[in-house]
Amino acid sequence: MSSQSDGGGSDTPEGVDLAEGIDHQVAMVMDLNKCIGCQTCTIACKTNWTEGGGRDYMYWNNVETRPGSGYPKDWEEMGGGWKSEEHAERQPGQLPEKEEYGRAWEFNHEQIFYEGSDEPLRPMDGAEWGPNWDEDQGAGEYPNSYYFYLPRICNHCTHPSCVEACPRSALYKREEDGIVLVDQDRCRGYRYCVEGCPYKKVYYNSVTKNSEKCIFCYPRIEGEGPEGEVRAPSCAEDCPPQLRLVGFLDDEDGPIYKLVNEYEVAVRLHPEYRTEPNVYYIPPFAPPQHSERGESLDSERIPRNYLEELFGPEVNEALNTIERERAKVERGEESEVMDLLTTENPAKQYRLEVFDEE
């Protein structure tokens, strides 16, 4: 069953909301049960897009430990987004301070590698915060402490408040795939976009005096990447546990549509910001709590109320559905959900050429 799109005029699946003027919406699902916090995605993005030239402090992709303060520090308290579902009035936001991102410190490599120092590797001066400074701290008390990793990129939202915030229309959504970009020729570095984004995934480059952000590796998905082939974003392809699936939200036969709309097991981060992100998450499971004697208790280790704070009330049914699907597999039955989440076939993980013939 399909309904008429707000975008390019073609039929789109029922329940899929495309932004006005957008033909198709590229999207990503990340399975948090697979993330090991190795930061390979962060380094892949960093080496591709944000080395030097005012970008030292930028991590278009970062991996946070949750519960934790995130990057920039306490970004969830900085505002932004929309006041209502009508997307008529933006929610006030604030600009992060440079210290809340952390600086690109100089480390004592010279002394350790060449001068024989016995000092541990450390920043040379005054390091007080940085990306994932609180790595692996989490919450709870022994024997029931807990944490999980949360990778974050720009969400390429259906209703991006950063686009609305820019008085020069420098930010825009691409018609063909809904990727949010910054026109560097139009940008004047006012930073309203940084303030307006509730996820704080737009960055100001003090060298070029422009704003910059994740571009969803669009040259790669256009076939200008390695070997001239269509490739998924480097954060996805370089991930050792392969936790990301990439495709189009409006592709009924693709993994994104099935996990988001058909089975409803992939949820949005902070849906209350009302920007309708197009990056989704499979919520994390964990072993049950244990007594001090090591006995399993009938109590979840990661509190549901904390997951609700992150992903909204929909996370409860998502977790319940996944639990039912896992039980089916344990009984020897088929589960398309678990097949999608455990596939090692790149053709099923990354479905990016389905609309190329239009």
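The values are calculated or read from the model by the stated rules, or taken from the named source; none is laboratory data. Fair warning: this is a prediction, and the values are worked out from it, not measured in the lab. Positions of Cβ are generated from backbone atoms using ideal geometry, with glycine treated the same way; all protein chains shown enter the neighbour counts.
For this structure, a couple of remarks:
- Of all residues in segment 187-204 being part of a loop (DSSP other than H, G, I, E, B) and within 16 Å of the chain's Cα centre (by Cα), the one that is surrounded by the most Cβ atoms within 10 Å (Cβ to Cβ): 197
- Whichever residue in segment 291-337 is among the aliphatic types (A, V, I, L, M) and surrounded by 15 or more Cβ atoms within 10 Å (Cβ to Cβ) and, among such residues, is nearest to residue 254 (Cα to Cα): 337
- Scanning segment 15-46 for residues that are of a type in the set (Lys, Arg) and either touching a helix residue (DSSP H, G or I) at 6+ places or on another chain (Cβ under 6 Å) or without any contact (Cβ under 8 Å) to a residue 24 or more places away in the chain (or both) returns a single hit, 46.
- Selection over segment 153-172 of residues that are surrounded by fewer than 23 Cβ atoms within 10 Å (Cβ to Cβ) and not in a loop (DSSP other than H, G, I, E, B) gives a count of 4.
- Restricting 111, 137 to residues that are of a type in the set (S, T, N, Q) and part of a helix (DSSP H, G or I) narrows the list to 111.
- Cβ-Cβ contacts under 9 Å between residues 6 or more apart (or on different chains), taken from a first residue in segment 47-61 that is touching a residue at least 40 places away in the same chain (Cβ under 8 Å) to a second residue that is among the small types (Gly, Ala, Ser) and in a loop (DSSP other than H, G, I, E, B), are listed as 54/206; 56/104; 57/102; 57/104.
- Leading residue by the ranking (modelled with the highest pLDDT) among those in segment 207-257 that are of a type in the set (Lys, Arg) and touching a helix residue (DSSP H, G or I) at 6+ places or on another chain (Cβ under 6 Å): 244
- Going through (1) modelled with pLDDT of 95 or more; (2) out of contact with any Cys (no Cβ under 9 Å at 6 or more places or on another chain) one by one, residue 34 falls short only on (2).
- Residue 165 vs. criteria among the hydrophobic types (A, V, I, L, M, F, W, C) and free of Cβ contacts under 8 Å to residues at least 60 places away in the same chain: no
- For segment 258-300, the set of residues classified as under 14 Å from residue 30 (Cα atoms) and either part of a strand (DSSP E or B) or among the small types (Gly, Ala, Ser) (or both) consists of 266, 267, 268, 279, 280, 281, 282, listed by residue number.
- The condition of being surrounded by 12 or more Cβ atoms within 10 Å (Cβ to Cβ), without any contact (Cβ under 8 Å) to a residue 60 or more places away in the chain and under 25 Å from the mean Cα position of the chain (by Cα) holds for only one of 99, 86, 76, that being 99.
- Sole residue being in contact with a Lys or Arg (Cβ under 7 Å, 6 or more places away or on another chain) and part of a helix (DSSP H, G or I), chosen from 316, 305: 316
- Check on residue 240, closer than 23 Å to residue 32 by Cβ, outside any strand (DSSP E or B) and touching a His at 6+ places or on another chain (Cβ under 9 Å): no
- Boolean, residue 42 is modelled with pLDDT of 95 or more, within 30 Å of residue 144 (Cα to Cα) and not aliphatic (A, V, I, L, M): yes
- Of all residues making up segment 289-322, the number that are charged (D, E, K, R) and free of Cβ contacts under 8 Å to residues at least 24 places away in the same chain: 7
- For segment 268-285, residues that are farther than 26 Å from residue 11 by Cβ, surrounded by 18 or more Cβ atoms within 10 Å (Cβ to Cβ) and either modelled with pLDDT under 95 or in contact with a Leu (Cβ under 9 Å, 6 or more places away or on another chain) (or both) total 5.
- Between 242, 184, the distinction of being farther than 16 Å from residue 278 by Cβ, within 19 Å of the chain's Cα centre (by Cα) and surrounded by fewer than 18 Cβ atoms within 10 Å (Cβ to Cβ) belongs to 242 only.
- Candidate set: segment 205-219, residues that are in contact (Cβ under 8 Å) with a residue 24 or more places away in the chain and not in a loop (DSSP other than H, G, I, E, B); chosen: the one nearest to residue 57 (Cα to Cα): 205
- Only residues that are part of a helix (DSSP H, G or I) and charged (D, E, K, R) were counted in segment 319-358, giving 9.
- Residue 130 meets all of the listed conditions (1) at pLDDT below 95; (2) surrounded by 15 or more Cβ atoms within 10 Å (Cβ to Cβ); (3) over 21 Å from residue 204 (Cβ atoms) but one, namely (3).
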